[in-house]
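Notes to accompany the following structure.
The values are calculated or read from the model by the stated rules, or taken from the named source; none is laboratory data. Just so it is clear, the structure is predicted and the values come from calculations on it, not from any experiment. Here the Cβ positions follow ideal geometry from the backbone for every residue, glycine too, while neighbour counts run over all protein chains shown. The protein model used for the area step is the full one, side chains on, heavy atoms only, and it has no ligands, DNA or RNA in it. Shrake-Rupley method; radii C 1.70, N 1.55, O 1.52, S 1.80 Å.
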Amino acid sequence: MSISVLDLFKIGIGPSSSHTVGPMRAACDFVAVLRRQGLMERVHRVEVKLYGSLSATGIGHGTDRAVVAGLMGERPDTVDPDFVVSAVDRVRSEGRLPLGGAVAVPFDWERDLRMLPVSLPYHPNAMRLAAHGDEGVVYENTYYSVGGGFVVDETQAQAGSTAEAELALPYPFETGAEMLAQCRRHGLRISELMLANESAWRSEAETRAALQRIWDAMLGCIGRGTTQEGLLPGGLKVRRRASALHRKLSERATGRNLISDTMAALDWVNLYALAVNEENAGGGRVVTAPTNGAAGIIPAVLNYYMEFMPGSSARDADSFLLAAAAVGVLCKKNASISGAEVGCQGEVGSACAMAAAGLTEVLGGTPEQVENAAEIGLEHNLGLTCDPVGGLVQVPCIERNAMASIKAINAAQLALRGDGSHAISLDQVILTMRDTGRDMLDKYKETSRGGLAVSFPEC
């Protein structure tokens, strides 16, 4: 499969790329098929079945609401997050669904949207949509949300294909070793290698413009997250902290800090990560990086560099994201970025490795040092479980992003102090993540049936 940087970084809404963004995309695609096949007017009812992890934590992750929004024709990259709340509430209260925003059909929330505690073979994040007419089912399909907002349908799953097309890239690589070999052979930095490969999809100018839109969306998320206050939705009574922390840091700031002022800088890194993931938990606009559950790590580390490194530029943001994406491609191809598949090591662990790689790249690291930084970042997240309390992307998810952001910076620091040689390769760590995920009990993989999720006393 050929994965673009824009596949990994997608603008969407919170709180989850696999449980919110993916299901909304799948439902919207389902409606698009109905429209293309001229079936819209024949539909009298739509039935939604959520399986596996989508069923286990779907309510806390907003899966039910995301699917309904998708059936209304909304897409995660363009929908107004505030619209989702009011429009979906109206569907639930009135029992009428504007299918594709055009054809109103009855929709009984309890009857037509079912959570089924069984898993389908292909992937634990599965959903089946069926459109009923006078003659029975007029169209149905099964979709799998495989992490990071990526979606495959039943036909693709049975064929063993993925959500990404196979394109001929100028400098193809399937492993970290092949990536480094391409860099050495052609005298390229990792970000340059990725930028050249993006030419298979679009021009360099278009790629840079898209990366700037991604970075602007990340900055917007940080900015909004530092101004919002109050409790996050869901019933855990988790209070937003970013706004108060921002005020404290702003009051004590004396001039522009430098990237070497480590302790002062780390306070800001924590702030950036908390701001993004509080926005995600609140259902706000975020960028999958590579998932929503880990959305705060790359923006926090990149903004750390942009704010604290004198002379930083927009081109640096491009290089950071491109190098980070190279590592994300390797994680997705050779293991998984889905918490429901391999635990949080696949989400936060991958994001930590990506951020470490991006930071090392813009700080002048060699390709070998970038690979080393990614290896360190991922290695020290191996075995990380996905056990959200209450099925909400709040505890421990928000703080976990802050911790991994700091870890990514330290991984870059360690790599830059070496020459790029190390005992365990990034490829070996990625395969270890894959194998560890296979061995991990399902109760620790985004089902909220183990770990911290069951240690929290309900009052």
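With respect to the chain, whose longest principal axis is taken over its alpha-carbon atoms, helix 22-36 is tilted by about 50°.
Most tightly packed first, judged by the mean number of other beta-carbon atoms within 10 Å of their residues, the peptides 101-112, 219-230 read 219-230, 101-112.
Can you pull the percent of Cα pairs in the chain with separation above 33 Å? Could you put the intermediate results ahead of the total?
Details: 34574 of 105111 pairs.
Tail fraction, whole percent: 33.
Amide H contacts of SER2 (H built 1.01 Å from N, in plane; Pro and chain starts excluded): ALA165, GLU166, LEU167 sit under 5 Å, all sequence-distant by 5 or more or on other chains. Taking 0.36 nm per residue of separation and subtracting the Cα-Cα distance, full extension of the segment from LEU231 to HIS44 would add 63.4 nm.
Taking the charge dipole of segment 340-459 about its Cα centre, with +1 at Lys and Arg Cβ atoms and -1 at Asp and Glu Cβ atoms, the residue from SER421, THR360, PRO388 reaching farthest to the positive side is PRO388. With angles folded into 0 to 90 degrees, how steeply does helix 262-281 sit against the dominant principal axis of the chain? Use alpha carbons for both and round to 10. Long axis of 262-281 versus the principal axis of the chain: about 10 degrees. Summary of the geometry: segment 283-357 and segment 11-53, compared by the centres of their Cα atoms, lie 27 Å apart. Listed values for segment 309-322 are Karplus-derived 3J(HN,Hα) couplings in whole Hz (6.51 cos²θ - 1.76 cosθ + 1.60, θ = phi - 60°), namely 9, x, x, 5, 9, 4, 4, 5, 4, 4, 5, 4, 5, 5, and x replaces Gly and Pro.
Once you charge only the Cβ atoms, +1 for Lys and Arg and -1 for Asp and Glu, what is the size of the charge dipole of the chain about its Cα centre, to the nearest 20 debye? Please report the intermediate quantities before stating the final value.
On the way: 42 positive and 53 negative charges, 157 e Å.
Rounded to the nearest 20 debye, it is 760 debye.
Extension gain for THR78-SER199 works out to 41.1 nm (0.36 nm per residue, less the C-alpha to C-alpha distance).
Quick one: with all protein chains in place, what share of the accessible area of segment 303-361 is carbon or sulfur, to the nearest percent (1.4 Å probe)?
On the way: 390 of 980 Å².
Whole-percent figure for carbon plus sulfur exposure: 40.
Annotation: aspartates and glutamates with alpha-carbon distance below 18 angstrom to LYS407 (same-chain offsets under eight excluded): ASP261, ASP267, GLU347, GLU361, GLU371, GLU375, GLU379, GLU399. When only alpha carbons are used to place a centre, segment 416-459 and segment 134-186 end up 23 Å from one another. In the full protein context, the chain carries 39 Å² of accessible surface per residue, based on a 1.4 Å probe and ignoring ligands, DNA and RNA.
Among the listed pairs LYS49/LYS333; LYS10/LYS333; LYS237/LYS445; LYS332/LYS445, a Cα-Cα separation exceeding 21 Å is found for LYS49/LYS333; LYS237/LYS445.
Residue separation times 0.36 nm, minus the C-alpha to C-alpha distance between ASP89 and VAL454: what's the value? Spell out each step's value before the answer.
Values: separation 365, 0.36 × 365 = 131.40 nm, distance 2.94 nm.
That pair, ASP89 and VAL454, stretches by 128.5 nm at full extension.
Straight-line cross-link partners of LYS248 among the lysines, defined as a Cα under 19 Å from its Cα and at least 8 positions apart when in the same chain, are absent. For segment 1-154, the carbon plus sulfur part of the accessible surface works out to 48%, probe radius 1.4 Å.
The alpha-carbon atoms of segment 266-410 define a convex hull whose volume equals 94 cubic angstrom per residue.
Dipole orientation for segment 62-206: of the candidates GLY133, GLY176, PRO121, GLY176 has the Cα lying most toward the positive pole (charges on Cβ; Lys, Arg +1; Asp, Glu -1).
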